[in-house]
Every structure is written in structure tokens, then in C-alpha cells.
Amino acid sequence: MTRRWAKSTALAILIAAPVQAQPADDAVSQVEALAGEARALYDAGEFGQAVAKYLEAYKLQPTAAVLYNVAVIYDKKLKEVDLAIDFYRRYIGSPDADPQAVQRATARLQALKAEKEARRQAELSTLTPTGGGQAEGQRTPPPAHMSTQAVTGWVMASAGAALLIGGGVVGYLAGDSQEKFADSTREVDDRIEARDVGEDRALIADVLLGAGAAATITGLLLVVLDDGPAEAEGTAIHVGPRGDGFGVSVGGVW
């Protein structure tokens, strides 16, 4: 598709697309006026305001053409991947969508999802240093009636449980942000902010849940496999990123 053809399709499809129900004459005039304002704002480079006008028109007369216009603007101009994916999906599922445009929207949707996953993997990799370094924990001397291994296990299990709870809370907040993002009635800036906050919270939740599970499992294994009291000056607990991911290790001074 040439740039000229793509632009004319994205801006003219609103008026050309068929509608399922014919609104009153005043509503038609309103929709056409909003579409004209949206095209003028698009030509002026005011892409966010153009989206807002298109959504106003959609509230008056829901048509797939508006969803396609908004998806293209988010995709090509505003570079908002999540919002573009959302509107491409809604367009594809609309009963009045154009079959040829559905094919183009489907292909673009798959490409955007691949880009999003690649970006997510890149962000996760920044949280996993390749140097294999570990954050030094606090040295905790065991009480006389318990072995070093048992004390270490209970400390690690408790810390892991706390991390799991924290990850669950952050995950819940991420879901709440996703619901706000999916609400098409919200303002454009609010949807973008909700998307960004949701992504950050989801990433933090993944890290907390992974670290919590590792610490809890390791701690319980240390307790279960404990052979009894042992002479030790203390135990150093290491919790932090490792070369192959986030993990927990234990070292002692014997």
C-alpha cells in the first residue's frame, strides 16, 4: 500500500463505510462534522486530538470505520502499541468491518504483538544481569537449639512468603490498571497512563512472584532436609539476580 493510499483510506473510510442503523439527520450531521474536524486535526499533526474527535463520533454512531482510523493513528503516528492492538482487535471483531481491511488489520495486529513481546523480553533482560553477581544479605546467627540450616530455611521461607504476597498485591493493581486501559470511554491521556502503569506493575509482580517462589521453596527444602544442629558462626543469605535469572543462595562460615 502506498503512503498516499493509506492516508486516504485512514481518513476517508469513516464517511464511506456502511452503517448498521441510520441515526437521525441531526446525528448524521454531527458525526460528519466531527469526522471533518478529526481529518483537519490529523492533517495539522494533532494526532491525539484527532483520536478524541473520532471517538466522539463513535459514541454518536458506532461504526467499524472509526475503530480502524483510531487504530491506524495509534499505530503509525502516536506509536502506542497497546492502544493500536486494542483498536485493531475491536475493528476485526466488528460486524461492519471491510473484509480487505480486516486482512490488513490482522497482519498488522500480529506484527505489533510480536514487537510487544520482544520489548517485554528486553525489559526483563535488563533486570537479570549477566555477570552473575549476587546481593549480599545479612548474616544471621542461629539460636543454640536450632541448626544453622533450619534457621536459614525458616528465614528464607518467611521472606519468600512476603515476596509472594507483595507480588500478588502488585499483580492485582496491574489488573486494575488494565481495566482502566480497556475502558474506551476514558480520555486518551488517561488510557496511555493506565497502560504504562499496568506494564510497570506487571513487570514488578513477575519479579516479586519469581523471587518469592524461589525463596520459599529453597527455605522449606532446607528445613525438611535439616540433619540437626551444627556448629557455625553464622550464615549469609544471598537473594538477588543471578546469571540465569533471579535466585537465592546460602553460604556459611564454618
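The values are calculated or read from the model by the stated rules, or taken from the named source; none is laboratory data. Predicted model only: the values in this text are computed from it and were never measured. Note: ideal-geometry Cβ built from the backbone for every residue, glycine included; neighbour counts use all protein chains shown.
Yes/no matrix, rows are residues, columns are (1) at pLDDT 95 or above; (2) part of a helix (DSSP H, G or I):
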site	(1), (2)
Ala6	no, yes
Pro23	no, no
Glu32	no, yes
Ala35	no, yes
Gly45	yes, no
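Do we find that Ala84 is surrounded by 15 or more Cβ atoms within 10 Å (Cβ to Cβ), under 18 Å from Leu55 (Cβ atoms) and among the small types (Gly, Ala, Ser) in this structure? For Ala84, the condition - surrounded by 15 or more Cβ atoms within 10 Å (Cβ to Cβ), under 18 Å from Leu55 (Cβ atoms) and among the small types (Gly, Ala, Ser) - is met.
Of the numbered criteria (1) farther than 12 Å from Val188 by Cβ; (2) part of a helix (DSSP H, G or I), the one Leu55 fails is (1).
Filter segment 168-196 down to the residues that are among the β-branched types (Val, Ile, Thr) and under 30 Å from Met156 (Cα atoms), then identify the one that is modelled with the lowest pLDDT.
Going through the qualifying residues, I end up with Val170.
When residues in segment 90-115 are screened for being exposed (fewer than 15 other Cβ atoms within 10 Å of the Cβ) and in a helix (DSSP H, G or I), 10 of them pass. Residues being farther than 22 Å from Ala101 by Cα, surrounded by 17 or more Cβ atoms within 10 Å (Cβ to Cβ) and either assigned by TED's automatic domain parsing to the domain that holds Ala84 or not β-branched (Val, Ile, Thr) (or both) are represented in segment 38-47 by at least one member. For segment 98-112, the count of residues that are closer than 20 Å to Asp189 by Cα and in the same structural domain as Ala38 (by TED's automatic domain parsing) is zero.
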